[in-house]
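Coordinate-derived values only; no laboratory data. This one's a predicted model, so the numbers in the text were calculated from it and none came from an experiment. Neighbour counts run over all protein chains shown; Cβ positions are idealised from the backbone, glycine included.
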């Protein structure tokens, strides 16, 4: 693949919220997940698990949990005149859902894992370590985010659409109960997948507004 072709693939990917009523072959989803596992990740710990859900009852239950959670948020006086920011109908109509989770503990064997564990333990009594811990985004978050970016790009190349539903994680605990995840797993991303029934336009800031060269 030429660089120009890769750039074109990246620039034509869109967030899809409407899908065709057409099943997605499982083997395509597995191929996309296989590619996603080659994403850069903290300490090469590969601390991720991918779950493919094709059960509409489960996906509707996840959508119900998100709606209930957003209903609570919208009831707050701080949210007066706000509208529901999440369209959970995308979950109710998508033929498939990929849930990306990680272990809640640091499991990779490299130096980074020992370092993070040391900071986490020391943060309980050391103010400087506490600040380090609070500033840390977490290798698990960074790693799974990179994997999901790869996943969505490969799905696009396959002719499939997907959506990164970050806001859905306000209902994280409820979602984990519905999916019957053990306590040691954290849901990080949920990604509805299907054949697109729309072709939304994309927009990005001009590149000269988002970079600086420091010499």
Original post:
Which value in nm describes the separation of the simple spin-label points at residue 5 and residue 149, placed 7 Å from the Cα toward the beta carbon?
Top reply: 2.2 nm
Subject >> Alpha-carbon gyration tensor eigenvalues x 5, square-rooted, for region 150-209, Å >> reply: 28, 16, 11
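For 140, 87, 17, what's the fewest-to-most ordering of other Cβ within 10 Å of each Cβ? Working shown, then result.
Details: 140 24, 87 13, 17 18.
Placing the least packed residue first, the sequence is 87, 17, 140.
Expressed as a rounded percentage, what relative contact order does the chain have, with Cα pairs under 8 Å and six or more residues apart?
37 percent
Based only on other Cβ atoms within 10 Å, what is the fewest-to-most ordering of 152, 158? Display every interim value, and only then the final one.
On the way: 152 25, 158 16.
Fewest-to-most Cβ neighbours within 10 Å comes out as 158, 152.
Could you calculate the FRET efficiency of residue 129 with residue 103 from 1/(1 + (r/R0)^6), where r is the beta carbon distance between them and R0 is 35 Å, rounded to 0.05? List each step's numbers first, then the result.
Values: r = 22 Å, r/R0 = 0.63.
The computed FRET efficiency comes out at 0.95.
Which value at 222 nm does the chain reach when only helices count, each DSSP H run of 4 or more adding -39,500 (n - 2.57), with the total divided by all residues and rounded to the nearest 500 deg cm²/dmol?
Theoretical 222 nm ellipticity from helices: -13000 deg cm²/dmol.
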**OP:** Would you please give the FRET efficiency between residue 38 and residue 166, computed as 1/(1 + (r/R0)^6) with r the Cβ-Cβ distance and R0 = 25 Å, to the nearest 0.05?
**Re:** 0.65
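How high is the FRET efficiency between residue 26 and residue 73 when r is their beta carbon distance and R₀ equals 35 Å, given to the nearest 0.05? Let's see the in-between values first.
Details: r = 35 Å, r/R0 = 1.00.
It comes out at approximately 0.50.
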**OP:** Determine the percent antiparallel among the DSSP beta bridges restricted to the chain, to the nearest 5.
**Re:** 95 percent
Original post:
Of 15, 143, how do they rank once you tally other Cβ atoms within 10 Å and put the fewest first?
Top reply: 15, 143
